[in-house]
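The values are calculated or read from the model by the stated rules, or taken from the named source; none is laboratory data. The structure displayed is predicted, hence computed values, not measured ones. All Cβ positions, even for glycine, are placed from backbone atoms using ideal geometry, and neighbour counts span all protein chains on display. Heavy atoms of the whole protein, side chains included, go into the accessibility calculation; ligands, DNA and RNA do not. Shrake-Rupley method; radii C 1.70, N 1.55, O 1.52, S 1.80 Å.
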Amino acid sequence: MHRFPHFSAFSLIFLLAGCVAGPPPAAPDPARPWIGQSYRNHAVSVSHPLAARAALDMLNEGGGAVDAAIAAQMVMTLVEPQSSGIGGGGFLLRFDGKTNGIETYDGRETAPASAREDMFLDARGGPIPYRDAILGGRAVGVPGVVRMLEMAHKDHGRLPWARLFQPAIRLARDGFPISERLARQIAGDRHLRKVPAAKAYFFDGDAPKPAGAILKNPDLADTLERIAEKGADAFYSGGLARAIADAVTQAPVHPAVMTLADISSYQAKKRPAVCAPYRGYTVCGMGPPSSGGLAVAQTLGLLDHFPLSDGGPDNARALHLIAEAERLAFADRAAYVGDSDVVPVPIKGMVDPGYLAERARLIDPAKAMDGLVDPGHPPGAETAYRGPGDPLKGLSTAHMSIVDRFGNAISFTTTVESAFGARLMVRGFLLNNQLTDFSFRPEWRGKPAPNRVAPGKRPRSSMSPTIVLDRGGRFLMAVGSPGGSRIIGYTARAVLGVLAWDLGMQGAVDLPHVMNRGGATEVEEALIPAIADLKAMGHQVEVGRMISGLQGILRTRDGLTGGADRRREGVVLGDAGDQGQVSFPAPQTYACADGSRPGLAWAGDFLRWTETGEDARILARVMSGSGARYAGGGAEAWEHQGMVRLTLPGGTARSCRKAVP
């Protein structure tokens, strides 16, 4: 079994085979002070500064990555309501620092029992415009993120559940300054003013609230206090659940039927991760109902058959190969991927190395494919769906990547789908419009769409929270992004930046985007110099803004480094944890029941533990009360009334007392 090295409170041992070398020193950037910085203890990369601060505070208190993610999500509900919140859903990947295993948590919304497969068709049987579908009760799915986060906390939380809500509750009562990005989106949204509760919160009369205005949300504070005290059941039953059902059923626009039974029956789920090799690394993502893990894995698996490093990440040949690989991945995505609890999805077959090698032979290194590409026939697949693709949706998602001092890592993408979701406010938070992620056409030429609407079903997602393991199976990188179906391309490009071109995390996040979702090849303006060559290879090229929001953490020989997308307002924070900042006294010898005699020394909230013939471990206090618990790198120490119980990673507990001189 592969294990992390000792992952202590102050020092991470990163001199491991397979580590990515640290990026060359970068010029200081006052707006992005994390560039060139490495963190030895823990680090967070989160889409909003206030949410990042809450996450870091939890880590500094001895919490784990799950604790930090929960605190950040609650704050994001308040400060970034256009992107995510407790009225939405998400997918969370967790790497375990003890076992090197990966778990995935599915908090995707579900369709209520009243949902019909023709609910997004007009009177003539055609799909209604997406801009009209997103507003009101019809688009709302049963929110899943609160139940999912509670599940993850029960499995891996270190701090009390209620503690994780306090930063958001305080900010909601005291107020926070509206950011420039939020102010722009309030002013630019044509739907918010149509819904009285949303208009009252985001507007002063008819004027949108400006950047810098202090926004308070006592209703949200009350809601979060209730969930903090009673757990997720306070959200999925009782008065709060009734308020959600009423908001959907009595919506001023497109009311629909959502019942208390729809809400109370919601279940978060743990699912197997989708993992595939790339250049000896292991890239893991979320399986269905997300298409992201499969599409990223397919893209990388196809590109593994071509040399990419020649010429750099922005040369026309590399851009061509990426676009062609994504073109094939999106064809399979449309044909096969939906909620795997409802429709058969050939997950293993889609990432089968033999199948990907066969598909890779369709890529001509010098010429683009003509027209629409047919899906393949992966092992285990049934008849492929060949209907039209879905429109671009869900630009207002958010992502966070977190690594804690215990070696655990989180990659968590969370969303209300469109900006401000369905624009329906309930007790201080917005409800999602996630049902518009279903295919509007339930069938095409007699073939049922795998992503058609059905009661209780989860809509297909493109969210791609990703964790990469090095060649020894240890954590290397966590990354992800918002951006609708473009998330897949954003995430794949960042992963390639690190693995194919040896960029640092920030360099990979900053790469100009290229992608193909089954039609034109889309590029950002920075890639205009390559357009002539792409067109010569047969690409139809479209140039435009691509507002990704990549957030990533990368393990290097120097420590943890982070990247935050300059296209949004995310930040990277961490604790350098320099061991020299704490002075430990001489160790005291303890006599243990098994005959061992470790040396222990305390300094503030930290414990230095030495064993004969081993390097010292630095553990941090993570719990107080009846005694104190210290932890780090899988090792634990409990101290109470002169007795110490010591447990090494994978070992049994030893009871020890101070040795008599």
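What residue, of 124, 116, 181, 158, is over 18 Å from residue 460 (Cβ atoms), out of contact with any strand residue (DSSP E or B) (no Cβ under 9 Å at 6 or more places or on another chain) and either touching a residue at least 24 places away in the same chain (Cβ under 8 Å) or among the aromatic types (Phe, Trp, Tyr) (or both)?
Matching residue, one of 124, 116, 181, 158: 181.
For segment 506-520, give me each residue that is more than 19 Å from residue 375 (Cβ to Cβ) and of a type outside the set (A, V, I, L, M).
Result: 506, 507, 510, 512, 513.
Taking segment 642-661, which residues are open to solvent by less than 80 Å² (accessible area, probe 1.4 Å), closer than 15 Å to residue 597 by Cβ and hydrophobic (A, V, I, L, M, F, W, C)?
Across segment 642-661, the qualifying residues are 644, 646, 648, 656, 659.
For segment 262-320, which fully contained strands (runs of 3 or more DSSP E) count at least 3 residues that are under 16 Å from the mean Cα position of the chain (by Cα) and under 22 Å from residue 378 (Cβ atoms)?
Hits in segment 262-320: 281-285.
A quick yes/no check of all residues on (1) in contact (Cβ under 8 Å) with a residue 24 or more places away in the chain; (2) over 30 Å from residue 402 (Cβ atoms):
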position	(1), (2)
517	yes, no
526	yes, no
531	no, yes
534	yes, yes
537	yes, yes
548	yes, no
557	yes, no
563	yes, no
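Limited to segment 42-90, what total is found for residues that are in a loop (DSSP other than H, G, I, E, B) and in contact with a His (Cβ under 8 Å, 6 or more places away or on another chain)?
Residues flagged as in a loop (DSSP other than H, G, I, E, B) and in contact with a His (Cβ under 8 Å, 6 or more places away or on another chain) within segment 42-90 amount to 3.
Taking segment 202-225 as the search range and keeping residues that are open to solvent by 60 Å² or more (accessible area, probe 1.4 Å) and among the charged types (D, E, K, R), which one is nearest to residue 250 (Cα to Cα)?
The qualifying residue nearest to residue 250 (Cα to Cα) is 219.
Just one of the numbered conditions (1) of a type outside the set (A, V, I, L, M, F, W, C); (2) open to solvent by 10 Å² or more (accessible area, probe 1.4 Å); (3) within 29 Å of residue 248 (Cα to Cα) is not true of residue 90; which one?
(2)
When segment 585-614 is examined, which residues are found to be at pLDDT below 75 and either closer than 15 Å to residue 654 by Cβ or assigned to a loop (DSSP other than H, G, I, E, B) (or both)?
604, 605
One residue is enough: does segment 423-442 have a residue meeting the conditions more than 27 Å from residue 197 (Cβ to Cβ) and surrounded by fewer than 23 Cβ atoms within 10 Å (Cβ to Cβ)?
yes
For segment 160-186, how many residues meet the condition of being in a loop (DSSP other than H, G, I, E, B) and open to solvent by 70 Å² or more (accessible area, probe 1.4 Å)?
Qualifying residue count, segment 160-186: 1.
For segment 243-285, what are the residues that are within 18 Å of residue 496 (Cα to Cα) and of a type outside the set (Gly, Ala, Ser)?
Across segment 243-285, the qualifying residues are 274, 275, 277, 278, 279, 281, 282, 283, 284.
Can you give me the number of residues within segment 413-422 that are closer than 18 Å to residue 190 by Cα and open to solvent by less than 10 Å² (accessible area, probe 1.4 Å)?
So the answer is 5.
Do we find a residue being among the hydroxyl-bearing types (Ser, Thr, Tyr), surrounded by 16 or more Cβ atoms within 10 Å (Cβ to Cβ) and within 22 Å of residue 424 (Cβ to Cβ) anywhere in segment 191-201?
Looking through segment 191-201, at least one residue is among the hydroxyl-bearing types (Ser, Thr, Tyr), surrounded by 16 or more Cβ atoms within 10 Å (Cβ to Cβ) and within 22 Å of residue 424 (Cβ to Cβ).
Given the criteria under 27 Å from residue 189 (Cβ atoms), at pLDDT 95 or above and in a loop (DSSP other than H, G, I, E, B), does residue 455 qualify?
Taking the combined requirement at face value, the residue does not satisfy it.
Answer with yes or no whether residue 515 is within 19 Å of residue 475 (Cα to Cα), under 21 Å from the mean Cα position of the chain (by Cα) and surrounded by 15 or more Cβ atoms within 10 Å (Cβ to Cβ).
In short, no.
For the list (1) open to solvent by less than 40 Å² (accessible area, probe 1.4 Å); (2) closer than 19 Å to residue 286 by Cα; (3) out of contact with any His (no Cβ under 9 Å at 6 or more places or on another chain), I need the number of the one condition that residue 373 fails.
(2)
When only residues in segment 31-55 that are surrounded by fewer than 24 Cβ atoms within 10 Å (Cβ to Cβ) and of a type in the set (A, V, I, L, M, F, W, C) count, which is farthest from residue 95 (Cα to Cα)?
Only one residue fits best here, namely 31.
Considering 439, 401, 462, which residue is within 30 Å of residue 98 (Cα to Cα), touching a strand residue (DSSP E or B) at 6+ places or on another chain (Cβ under 6 Å) and hydroxyl-bearing (Ser, Thr, Tyr)?
401
Let's see how each residue does on (1) β-branched (Val, Ile, Thr); (2) open to solvent by less than 20 Å² (accessible area, probe 1.4 Å):
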residue: 501; (1), (2): no, no
residue: 528; (1), (2): yes, no
residue: 553; (1), (2): yes, yes
residue: 585; (1), (2): no, no
residue: 595; (1), (2): no, no
residue: 600; (1), (2): no, yes
residue: 606; (1), (2): no, no
residue: 610; (1), (2): yes, no
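Condition first: outside any loop (DSSP other than H, G, I, E, B) and either surrounded by 24 or more Cβ atoms within 10 Å (Cβ to Cβ) or at pLDDT 95 or above (or both). Now tell me which residues in segment 122-138 satisfy that.
Matches in segment 122-138: 137, 138.
Could you give me the residue pairs with C-beta distances under 8 Å whose first residue belongs to segment 187-207 and is part of a strand (DSSP E or B), whose second residue is open to solvent by less than 50 Å² (accessible area, probe 1.4 Å) wherever it lies, and which are 6+ apart or on separate chains?
203/186; 203/192; 203/209
Run down 20, 66 and say which single residue is at pLDDT 90 or above and among the hydrophobic types (A, V, I, L, M, F, W, C).
66
Would you be able to say whether some residue in segment 139-149 is more than 20 Å from the chain's Cα centre (by Cα), within 17 Å of residue 456 (Cα to Cα), outside any strand (DSSP E or B) and in contact (Cβ under 8 Å) with a residue 40 or more places away in the chain?
The answer is yes, given that some residue of segment 139-149 is more than 20 Å from the chain's Cα centre (by Cα), within 17 Å of residue 456 (Cα to Cα), outside any strand (DSSP E or B) and in contact (Cβ under 8 Å) with a residue 40 or more places away in the chain.
For residue 392, work out the one condition from (1) farther than 21 Å from residue 288 by Cβ; (2) hydrophobic (A, V, I, L, M, F, W, C); (3) modelled with pLDDT under 90 it doesn't fulfil.
Going through (1) farther than 21 Å from residue 288 by Cβ; (2) hydrophobic (A, V, I, L, M, F, W, C); (3) modelled with pLDDT under 90 one by one, residue 392 breaks only (1).
Table: residues versus (1) open to solvent by less than 20 Å² (accessible area, probe 1.4 Å); (2) of a type in the set (Gly, Ala, Ser).
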| site | (1), (2) |
| --- | --- |
| 444 | no, no |
| 448 | no, no |
| 458 | yes, no |
| 463 | yes, no |
| 467 | yes, no |
| 480 | yes, yes |
| 486 | no, no |
| 492 | yes, yes |
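On the basis of being over 27 Å from residue 386 (Cα atoms), open to solvent by less than 10 Å² (accessible area, probe 1.4 Å) and either among the small types (Gly, Ala, Ser) or without any contact (Cβ under 8 Å) to a residue 12 or more places away in the chain (or both), does residue 318 make the cut?
When the stated conditions are applied, residue 318 passes them.
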